[in-house]
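What follows is a short report on a single structure.
Every read-out reported here was derived from the displayed coordinates using simple, explicitly stated rules and does not represent laboratory data. None of these values were measured; they are calculated from a predicted model. FYI the Cβ positions are ideal-geometry reconstructions off the backbone, even for glycines, and counts take in every protein chain you see.
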Amino acid sequence: MENDSKNINRRKFLGASVLAGIGVAGAGAVLSSCSKKVDNRTLGLPPILKGAPKGRKLRAGLVGVGNRGTGAAINFISAGPDLEIIALADVFQDKIDNCRKRFESFNLPIPAENCFVGFDAYKKLMAMPEIDVVICATPPHFRPEHFLEAVKNKKHCFLEKPVCVDPVGARLMIATAKKAEALGLCVITGTQRRHQEDYIETYKQIANGAIGKLTSAKAFWNQEHVWFRTREEGWNDMEYMIRNWNNFCWLCGDHILDTHVHNIDVINWFMGKHPEKAIGYGGRARRVTGDQYDFFSVDFDYGNGVSSHSMCRELDSCANGTGEMINGTEGYTNCINTIWNLDGSVKWKFEYPKDENGNTMNTIKISPYVQEHMHLVHAIRTGNYVNEAERTAISTLTAIMGRTAAYTGQMITWDAIMKSDMDLGPKKLEFGPVDMVFETPVPGTPPHV
Amino acid sequence: MKIKNFVLRVINGSKARIWIMTFGALLCLIVVGIFNTVLTTTSSDSYCMSCHVHPWAEQSWKLGPHHNNRTGVSVHCVECHLPPKGEGYLFAKAKHGAIDVYGYLFKDSTKINWESKKLLENAKGFTYEKSCIKCHSNLFPVTLSVNGSNAHLAYINATEDPKPNCINCHLNAGHFDKNAKHEHDTNFGVDAALSQEKFTSSTKVSKFVNFREKIPGSTVAFDMVAIPEGTFNMGSPADEPFRKPDEGPVHKVKVSKFWMGKIEVSWNEYLAFFQATASQGRTEGQIIVNKNVDAVTGPTPPWGAPDQGWGKGTRPAITMSWRAANTYCMWLSKVTGKKYRLPTEAEWEYACRGNTTTPYFFDGDPKKFTSKGIFKKIFGPDTTNINSRIIYMVNSSSKTQDPGSVKENPFGLKNMAGNIAEFCSDFYSPDAYKTATGLVVDPKGPETGTEHVIRGGSFKSDAKDVRSAARDFTKTQAWLVTDPQMPKSIWWYSDCIDNGFRVVCEADSIK
């Protein structure tokens, strides 16, 4: 009798505990299904850091040492402790000299034997075993090949945007991104808006339904004309084009890639996908060198009636400005810091930090150009993996789709651009005469994709 | 007595439960142990090979990269031919085991068509993609080439149905096949008959009779058969066995006279075209849209071996696209000064029937000829008449055959049904016949469409699909699934090995 009661008790206990277990699990399920808020990690958002964490020393090599390259290298060493630039590679000796002087002025000299010049300089730099991180900041034409070489040499990467100029390069980027992922190599891509706290907080609001379903968008980068170089005596074709890279489509991809890709990337980010097709137009009005357009206007069709109007222009004395705007069923946002209700009243505003005088600043404290390097170092040192290469390749390919739509006058689908064999640039990279024809594209005339 | 007491004590005693539980646990252990041993033993290579006695399986596996590789790792039978454990492993093992036991007991291994097991669609039935992925979890190793990367990107992004399977491309990864090539064949079609004298002009034709056409600039000649004009019933009656709805309704069609190739366009003929027109790239090829161009630009070098290593010569040419077949006709017209083209669907069926109205152009019942159904699997289908006239599933050894081996139809044509399925010029529509009223003269099919009609069935077809009225159509997307190029080839299908064509020559080509 005593035994039986014991048994029964035990059974009861087991039963109760199992029920309790189910109860806890069930409650968890209910709780999680009730809460609509989604956290940073599930939204794929980067951490906002005050500095890169301590850890083993990371030595970086810089490939492409012009203004942005040198800037990116300085951003890297400013991101946290024990970060060094130890090698440089470029096609021009004078660029190397300038960059070395810059680092000497910081008391951070770069040894001459670690500086490489020429079209294969990047290979020599990436073969250095002491290098952990490669910063790729050449004109975008070279990026896919450089990235592949870096991954083959097992280096973590910082890649400037845009990451390619044509669909062949985009596919190489995506495949290499997957190779990097398989090897656990971290990659950050210079899309700094994705690392900006105000953008991130606005994105969280939108992702949690602050403006309802997204219905349309616009993205714009309208600015004054940008730099160009006139040809100097003694420059051969190749030297001239690379020194004036910002004006040749095969090197730069046109400004719809070079600068406007930032806005396009933000729209892709907020929409959660890339567009299905594009129709657009553009033209050349005042450019003095190269083969590119001065302005583009593209309709990116995201499907289900959702479109984004993309504009970019490099003309002086016009209604200029840059940014993004997204409309939803319950409001609209500028993506960076403010959300409005449909009647125009402000629904939410990002709170910027205060400066030492107690006045609210109009930007975040840490430059996003440094923040993205903090993220890279954080990922390498803590093992919280990051790889932005594929998504930036997709945003770059989106811009290529828009560019192709404008150049050709045709409707360009994602499928067509993804599969296109468009491969810009000369077959062989070497200094000397280049046998290429530079005609500004005229819409409605072949070849198309 | 002692034992009996012990047992009673065990059953009735105060510790009864403990005894029974211990006993049960032990029994479980033993059963699980035996089960596991059986499972392991019956999953070993040697156990597999003990039934799969045909030498091809073991030898070709040993020669292939899953055994013969630089790492020394050997991949065993069940690691590919069963799904991973926990993902349907036991079920698949029971299923394949039952089939194997049945085959072992009731079938003669020498009579099984092992060649056909190598075909992609058959291999998919006993090669598990999940198992491929289980080991090959990294689809982007750093050493992967640009072409390989593009192919794997296409694979992971595929939206078409059916999605490509690993073995669409890697069919020979498990079992070595010396005929399988995985490269651009730049030597393809290099002329072996250079020493022979080339024809300088085509055959002059002044009367509507059979003639032998000579291709100028080549050593190749082929026979054209004069098909008289006539009226016939197109389609199949509702009571014809295995009839499909797109074969009806039966309607009267009048066809004007024309010549038709006695055999399907052979490799000899197609290679003459390839050599004369081959291009290096797609952009050159796209010029052909204009019919009045001075020169025709032809196919790019193919990927792999388009003849599948079966041989060329008078075997029918295969794997070219519908567009390439059309370009061939344009080119042939140009070099011969006659009007060659693909047959219309009506011309094709008229020529195939040769004035017969039965399911085949000879006597026979599709129900008796078919291999479908459990009884046919055990006792085998009837092959009287059909065996000597049609190359189909039962007699083809899963390959195209030389046309010398079959008898002619009443018009004197060979292989109208079977061997390879043939392109027609018509767009395909399942409702193509439904609009017919009264006597239709020289119909050309729907005005618009996406895919084209193919007729006659192939060496892969069951007897039911080589009936004179049976219709089929091209499947452009599925036939290009594994083409590693972006964009895909406009000249060669990467995933269709049983399609070709036959030419017709218009009667007003007489000069």
DSSP H segments from chain B that extend 20 Å or more along their own axis, Cα-based, with Kyte-Doolittle mean of -1.0 or above: B:16-41, B:89-106, B:322-336
Extension length gain for B:Phe6 and B:Ala221 (0.36 nm per residue less Cα distance), in nm, is 67.8 nm
Given charges of +1 on the Cβ of Lys and Arg and -1 on the Cβ of Asp and Glu, with all other atoms neutral, how large is the dipole of chain A about its Cα centre, in debye to the nearest 20? 1700 debye
Once Lys and Arg are counted +1 and Asp and Glu -1 for all other residues with Cβ under 14 Å from that of A:Pro353, the total becomes -2
Using the alpha-carbon centroid of each, what span in Å lies between region A:251-291 and region B:143-166? 28 Å
Using only Cα atoms, tell me the angle between helix A:197-207 and the longest principal axis of chain A; keep it within 0 to 90° and round to the nearest 10. 60 degrees
By how many degrees, between 0 and 90 and to the nearest 10, does the Cα long axis of helix A:261-271 differ from the longest principal axis of chain A? 20 degrees
Highest to lowest packing among A:116-126, B:15-25, B:40-50, B:343-353, scored as the average C-beta count within 10 Å: B:343-353, A:116-126, B:40-50, B:15-25
Once the dipole of chain A is set up from charges on Cβ (+1 Lys and Arg, -1 Asp and Glu), the residue from the list A:Trp221, A:Ile279, A:Leu172 lying farthest towards its positive end is A:Leu172
Please list, in chain and number order, the residues 5+ apart from B:Asp382 or on another chain whose amide H is under 5 Å from its amide H, with Hs placed from the backbone. none
Region B:453-462 - phi-based ³J(HN,Hα) in whole Hz, Karplus 6.51/-1.76/1.60, Gly and Pro as x: 5, 10, 9, x, x, 9, 4, 8, 7, 6
When chain A is modelled as a GNM with alpha-carbon springs shorter than 10 Å, which of A:Glu224, A:Glu372, A:Glu233 fluctuates the most? A:Glu233
Tensor-based shape of region B:310-398 (alpha-carbon gyration tensor, a/c under 1.5 rounded, otherwise prolate or oblate): prolate
When the dipole is taken about the Cα centre of the protein assembly as shown, and only Lys, Arg (+1) and Asp, Glu (-1) are charged at their Cβ, what size is it in debye, to the nearest 20? 3580 debye
At R0 = 35 Å, FRET efficiency that the Cβ-Cβ distance of B:Lys117 and B:Val73 yields, to 0.05: 0.90
What is the gain in length, in nm to one decimal, between A:Leu108 and A:Arg286 on full extension, counting 0.36 nm per residue of separation less the C-alpha to C-alpha distance? 59.8 nm
Under a Cβ-Cβ cut-off of 11 Å, what is the net charge of the residues other than B:Tyr428 that fall near it, where Lys and Arg count +1 and Asp and Glu count -1? -3
How large is the dipole of chain B about the Cα centre if only Lys and Arg carry +1 and Asp and Glu carry -1, each at its Cβ, rounded to the nearest 20 debye? 1560 debye
Compute the long axis of helix A:2-34 from its Cα atoms, compare it with the longest principal axis of the Cα atoms of chain A, and write down the angle in degrees, 0 to 90, nearest 10. 30 degrees
Have a look at B:Pro446, B:Asn419, B:Thr336 and report the one farthest towards the positive end of the charge dipole of region B:335-488, computed about the Cα centre with Cβ charges (Lys/Arg +1, Asp/Glu -1). B:Asn419
Compute the Cα gyration tensor for region A:325-400, then decide on rounded, prolate or oblate, letting a ≥ b ≥ c be the square roots of its eigenvalues: rounded whenever a/c is under 1.5, prolate when a/b is larger than b/c in the other cases, and oblate in all that remain. oblate
Rounded to one decimal in nm, the spacing of the 7 Å Cα→Cβ label points at A:Thr338 and B:Tyr102 is 7.4 nm
Evaluate the distance, in nm, between pseudo-label points positioned 7 Å from the Cα of B:Val209 and of B:Val146 along their respective Cα→Cβ axes. 5.9 nm
Nitroxide proxy distance, nm - points 7 Å out along Cα→Cβ at B:Gln59 and B:Glu87: 3.3 nm
Once the other residues with Cβ under 13 Å from the Cβ of A:Lys179 are scored (Lys, Arg +1; Asp, Glu -1), what is the net sum? +2
Give, in nm to one decimal, the length gained when the segment between A:Lys54 and A:Asn320 is fully stretched (0.36 nm per residue of separation minus the Cα-Cα distance). 91.5 nm
Please work out the FRET efficiency for the pair B:Asp363 and B:Thr231, using the Cβ-Cβ distance as r and a Förster radius of 25 Å; give the result to the nearest 0.05. 0.65
If the elastic network links every pair of Cα atoms under 10 Å, which of A:Glu181, A:Glu388, A:Glu232 fluctuates the most in the Gaussian network model of chain A? A:Glu232
Projecting each Cα onto the charge dipole of region B:1-87 (Lys/Arg +1, Asp/Glu -1 at the beta carbon, about the Cα centre), which of B:Tyr47, B:Trp19, B:Cys77 comes out farthest on the positive side? B:Trp19
Taking a ≥ b ≥ c as the square roots of the eigenvalues of the Cα gyration tensor of the protein assembly as shown, is the shape rounded (a/c under 1.5), prolate (a/b larger than b/c) or oblate? oblate
For chain A, modelled as a GNM with alpha-carbon contacts under 10 angstrom, which of A:Gly190, A:Gly253, A:Gly71 fluctuates the most? A:Gly71
If the cut-off is a Cα-Cα distance under 23 Å, which lysines reach A:Lys54, setting aside same-chain residues fewer than 8 apart in sequence? A:Lys154, A:Lys155, A:Lys365
Ranked from highest to lowest mean number of other Cβ atoms within 10 Å per residue, what is the order of the peptides A:153-165, A:299-311, B:238-250? A:153-165, A:299-311, B:238-250
Per-residue HN-Hα couplings for region B:417-432, Karplus 6.51 cos²θ - 1.76 cosθ + 1.60 at θ = phi - 60°, whole Hz, x for Gly and Pro? 9, x, 6, 9, 6, 10, 5, 10, 7, 6, 5, 8, 8, x, 9, 4
To the nearest 0.05, how large is the calculated FRET efficiency for B:Glu451 and A:Ser345 if R₀ is 45 Å and r is the Cβ-Cβ distance? 0.20
Hey, quick one: spin label on B:Ala180, modelled 7 Å out along Cα-Cβ, who in region B:56-89 has an amide N within reach, i.e. under 15 Å? B:56-69, B:75, B:80-81
From the backbone phi of region A:87-98, what are the Karplus-calculated ³J(HN,Hα) couplings (6.51 cos²θ - 1.76 cosθ + 1.60, θ = phi - 60°) in whole Hz, Gly and Pro given as x? 8, 10, 9, 6, 8, 10, 5, 4, 5, 4, 4, 4
